[in-house]
Amino acid sequence: MNETEISRIITDAASHAQRSAGGRGLEADDYRRALAYELKQRGLDVSQREIPPGSYGGVKIKRPERIDLIVNDLVVVECYAEPNYQPRFEAQALGHLRMTGLRMALVINFGSHPLRDGIRRVVNLLPREQGAEGKAE
């Protein structure tokens, strides 16, 4: 499966997880756990990753950076449960793509109604070595 196929499954699983959890109103971690369960039920490999503190591009990172979910070692998923979608969600996802060398992330804001309005795809267009630029779709 490629990133696009996986992202379709993630989007459907997120919708199912939100409905099964009773809709909006839970914390992001609750939705993250429900989504991880739903993805595993669909046969996908789901993991979490922490990027240790260190230096990235000359900038000191003082605390570990947690990536909510990585699906099939191809797609980063960041989960939020905010009433309003924030541009920083995509910026954080792009940073995680650059740190991991992956090409696609889904930002899912479970606080959005309807949920499809809170899902954004973020793409890391260039290989990391070439000064990766990204965009949100």
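In degrees between 0 and 90, to the nearest 10, how far off the longest principal axis of the chain does helix 87-100 point, with axes built from Cα atoms?
So the helix axis and the longest Cα principal axis differ by about 60 degrees.
If you line up the long axis of helix 28-41 against the longest principal axis of the chain, both from Cα atoms, how many degrees apart are they, to the nearest 10?
Its long axis makes an angle of about 80 degrees.
Among DSSP beta bridges lying fully in the chain, give the percent that are antiparallel, nearest 5.
Once the DSSP bridges in the chain are tallied, antiparallel ones form about 75 percent.
At 7 Å along Cα-to-Cβ for each site, give me the label-to-label distance between I51 and D12 in nm.
In this crude label model, I51 to D12 measures out at 3.1 nm.
Which Cα, out of Q18, I51, A36, lies furthest along the positive dipole direction of segment 1-52 (beta carbon charges, K/R +1, D/E -1)?
The residue sitting farthest along the positive end of the dipole is Q18.
Could I have the simple spin-label model distance between D29 and K62, label points 7 Å from Cα toward Cβ, reported in nm to one decimal?
2.2
Under Stokes-Einstein, with the Kirkwood radius over Cα pairs standing in for Rh, what whole-number D in µm²/s applies to segment 1-109 at 4 °C and 1.567 mPa s?
In µm²/s, the coefficient rounds to 90.
With each run of n ≥ 4 DSSP H residues scored as -39500 (n - 2.57), what mean residue ellipticity at 222 nm is computed for the chain after dividing by its residue count and rounding to the nearest 500 deg cm²/dmol?
Calculated mean residue ellipticity at 222 nm is -11000 deg cm²/dmol.
Explain nothing, just the number: dipole magnitude of the chain about its Cα centre with +1 on each Lys and Arg Cβ and -1 on each Asp and Glu Cβ, in debye rounded to the nearest 20.
200
What is the calculated FRET efficiency for A21 to N84, with r their C-beta to C-beta distance and R₀ = 25 Å, to the nearest 0.05?
For A21 and N84, the calculated efficiency is 0.80.
Once you keep just the Cα pairs under 8 angstrom separated by 6 or more residues, what percentage relative contact order results for the chain?
Relative contact order, the chain: 19 percent.
Please give the helix 3-20 orientation as an angle from the longest Cα principal axis of the chain, in degrees from 0 to 90, rounded to the nearest 10.
Approximately 40 degrees, to the nearest ten.
Only the coordinates and a few stated rules stand behind these numbers; no lab work does. This is a predicted model, so every value here is computed, not measured. Ideal geometry is used to build each Cβ from the backbone, glycine not excepted, and the neighbour counts take in all protein chains shown.
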